[in-house]
Each structure stands twice: as C-alpha cells, then as structure tokens.
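Engineer: I'd like to ask you about the structure that follows.
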Amino acid sequence: MYFIILTGFLLYILIFPEESVHAAALGLNLWYEKMLPTLLPFSILSYILIQSGILDGFTKVLHHLVKHIFPVSSAGIYPLAAGLLFGFPMGSKITADLVNAGKMSQEEGRRLFCVCNNISPMFIGSFILGDCLHRPDLKLPTYLILYTPPLILYMLQNSRRFPAPEMDTLSPKLKKTTSMSFQIIDAGIMNGFETLAKLGGYIILFAIFAQMTMLLPISNPTLKCILIGFTEITNGISYTASQQMDFQTTYPLLMAYTAFGGLSGFAQTASMVKESRFSMVPYFLTKLFQTACAFLLAHYLVR
C-alpha cells in the first residue's frame, strides 16, 4: 500500500513538475509566513517553561480554581489552554512534552491530547471567516461550534475522575524542580526548530497531495471539495470557498474540515506524540465526533 502511494506521488511530481512546484511553494509559503513566526517562539518558550519547572507553580494556582469545573490536573491546564489559544499542533506537542518530562501521567496525556489539539482562533477568524467567507460576524458562533463539543466530550468521559489528581499524587517520580540554565534554553531552541521543520515537511507533502486530488475525474463539485478539504484544510478551505456554492453548503463543509484538521494534521499530530506512544485511534475517533458535531451545528445555524 505504501509502495503504491509513494510511487503515485513520485509519478505525479515527474509528470506534472510545474503543478508540484506550485503546490510545494504554496505549502512552504504557508509555513514560512504563518507557522514559523507564530509557532516557533511559542514552541521554544513552552519547552523552557516545562523543563525549567517555572510553569508548575502558576498552573497549580489555576488548578484550585478549575478542578471542580473541569477534570484536568494542574499540569494539564497549560496544554488545554495553549491548544485552544495558539492552535494545532501545539496542544498535542505540549501534552507529549509534559508526559516525557514526567510532569503528567501517561493516562491523562492520552486522554487530553485528543481534545486540546484544535485550529487556532486566529486562523479561523482571519483566514476562514475573513479572507474566505467574508463573514467576521460569525466569529462567536463559529468558536462555539468548534471548541464546545470536544470539551463537553472530555468532561463526560472523565466525569468519574472529578476532581483531577494533583501532580504530586500521580507518581513518586513526578518531582517538582525549578531551574533555569542556558542548556535548557539551547535545548528549547533546537527543539523548536526541529518541531517546525517537521511541520514544514508535512505541510509541503500534503500540499502536493491536495493538488493531486484536484486532477481526479470527479464530476460532483461538492464531493471534490470534500476530498480536498479532508486531505489538507488550507487548500480545501480555499478551494471550497472559491466554488459557486451557496453559503448553506459552504459554511458547514468548512467547519467540518476545520474540526477534523485534515489528513495532514493527523500526520503532524502523530509525529508530535510518537515518543510518548499515544495511540492515534482515540484521537481519530474524537476528531470524527468533532467533525460530525461541527457540520450539524453549522448546518443548523445557517439553514
């Protein structure tokens, strides 16, 4: 199977070099202009905060406020907030980093990374609602459509764990240490560049793959939009928004793409959490749930 996919990919690049270069350039431009300046500083800072232990005291204070409302440990507050505010794939990466650093249990990490890995509000508000749909008035309902279902699902799945355990009670190995050194800073910088380099590679590959899907002999425009959108969301959103479809069809489709994150997003997430050995099956099922909820809620909103 992998041989067939890779062979087809190589043949496409050889037969359609101009289209391949154009798609790769679009992916590289997205990475350079959007992801690198926004995610690299945050990735470096997150690594330093986690490894130095500076974050522990702050999240412990917040945990006293939210532990009776949301079933998360003090260590889980940061990836949950970061995944919502700064967007995919930082939620999954930070969760994996916390588990690898011994600051979060493996069990909580497996549960949490499924719901804290979402597209950022900046991308939704500026690119989707602003540039593509020209409907900035839908920001609030769109945020509720995309972010509420996974949080409710997490609360229902973990209601028996209220309140979430404190970090110190999870394991004797989870010791609180606070230290800062240039070694941690240097490691954070290298970790940030390695993370962004991986993301750039996946974005370029799936940008070409999305371009390949446009050549498929599919006469139904909606089906073609769906195929491209669930492959790579940036290309899928742009392509779907450019089609002459009514808003009642376009908006729910774009919400479905965004909730799912695309196959590109799935591959990037798997790369971020591979050292933590998280299973991608619960993540995939959670994303399917989010996709169905986003589509139905968006359809109900604009019907």
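The values are calculated or read from the model by the stated rules, or taken from the named source; none is laboratory data. Bear in mind that the values here come from a model prediction, so they are computed numbers and not experimental data. Don't worry about glycine lacking a Cβ; one is built from the backbone with ideal geometry, like all the others, and counts go over all protein chains shown.
To keep it simple, each residue is scored yes or no on (1) in contact (Cβ under 8 Å) with a residue 40 or more places away in the chain; (2) under 30 Å from Pro37 (Cβ atoms).
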site: Thr213; (1), (2): no, yes
site: Thr222; (1), (2): no, no
site: Asn235; (1), (2): yes, yes
site: Thr249; (1), (2): no, no
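Engineer: Tell me the helices (runs of 4 or more DSSP H) entirely within the stretch 1-86 that contain at least 2 residues that are out of contact with any Phe, Trp or Tyr (no Cβ under 7 Å at 6 or more places or on another chain), of a type in the set (Val, Ile, Thr) and modelled with pLDDT of 80 or more.
Structural biologist: Answer list for the stretch 1-86: 2-15, 36-52.
Engineer: Let me ask something else. Test Phe295 against the stated conditions and say whether it is of a type in the set (Phe, Trp, Tyr), over 20 Å from Tyr202 (Cβ atoms) and at pLDDT 95 or above.
Structural biologist: When the stated conditions are applied, Phe295 passes them.
Engineer: Another question, then. Can you spot a residue in the stretch 75-93 that is touching a helix residue (DSSP H, G or I) at 6+ places or on another chain (Cβ under 9 Å), surrounded by 24 or more Cβ atoms within 10 Å (Cβ to Cβ) and among the basic types (Lys, Arg)?
Structural biologist: Yes; the residues of the stretch 75-93 include at least one that is touching a helix residue (DSSP H, G or I) at 6+ places or on another chain (Cβ under 9 Å), surrounded by 24 or more Cβ atoms within 10 Å (Cβ to Cβ) and among the basic types (Lys, Arg).
Engineer: Moving on. Could you list, in sequence order, all residues of the stretch 50-68 that are of a type in the set (A, V, I, L, M), touching a helix residue (DSSP H, G or I) at 6+ places or on another chain (Cβ under 6 Å) and without any contact (Cβ under 8 Å) to a residue 24 or more places away in the chain?
Structural biologist: Leu55, Leu62, listed by residue number.
Engineer: Same structure again: Filter the stretch 27-44 for residues that are closer than 20 Å to Ala81 by Cβ and surrounded by 14 or more Cβ atoms within 10 Å (Cβ to Cβ) and give the result. Before the answer, list the steps.
Structural biologist: Keep residues of the stretch 27-44 that are closer than 20 Å to Ala81 by Cβ, which gives 35, 38-44.
Answer for the stretch 27-44, where residues must be closer than 20 Å to Ala81 by Cβ and surrounded by 14 or more Cβ atoms within 10 Å (Cβ to Cβ): Met35, Thr38, Leu39, Leu40, Phe42, Ser43, Ile44.
Engineer: Kindly provide the set of residues from the stretch 209-233 that are at pLDDT 85 or above, surrounded by fewer than 23 Cβ atoms within 10 Å (Cβ to Cβ), among the β-branched types (Val, Ile, Thr) and in a helix (DSSP H, G or I), ordered by number.
Structural biologist: Within the stretch 209-233, Thr222, Ile226 qualify.
Engineer: Same structure again: How many of the residues making up the stretch 1-49 are among the acidic types (Asp, Glu) and either touching a residue at least 40 places away in the same chain (Cβ under 8 Å) or within 26 Å of Ala75 (Cα to Cα) (or both)?
Structural biologist: Counting residues in the stretch 1-49 that are among the acidic types (Asp, Glu) and either touching a residue at least 40 places away in the same chain (Cβ under 8 Å) or within 26 Å of Ala75 (Cα to Cα) (or both) gives 1.
Engineer: Can you find a residue in the stretch 150-157 that is at pLDDT 80 or above and more than 21 Å from the chain's Cα centre (by Cα)?
Structural biologist: yes
Engineer: Over 18 Å from Pro89 (Cβ atoms) and within 25 Å of the chain's Cα centre (by Cα): is that true of Ile48 in this structure?
Structural biologist: yes
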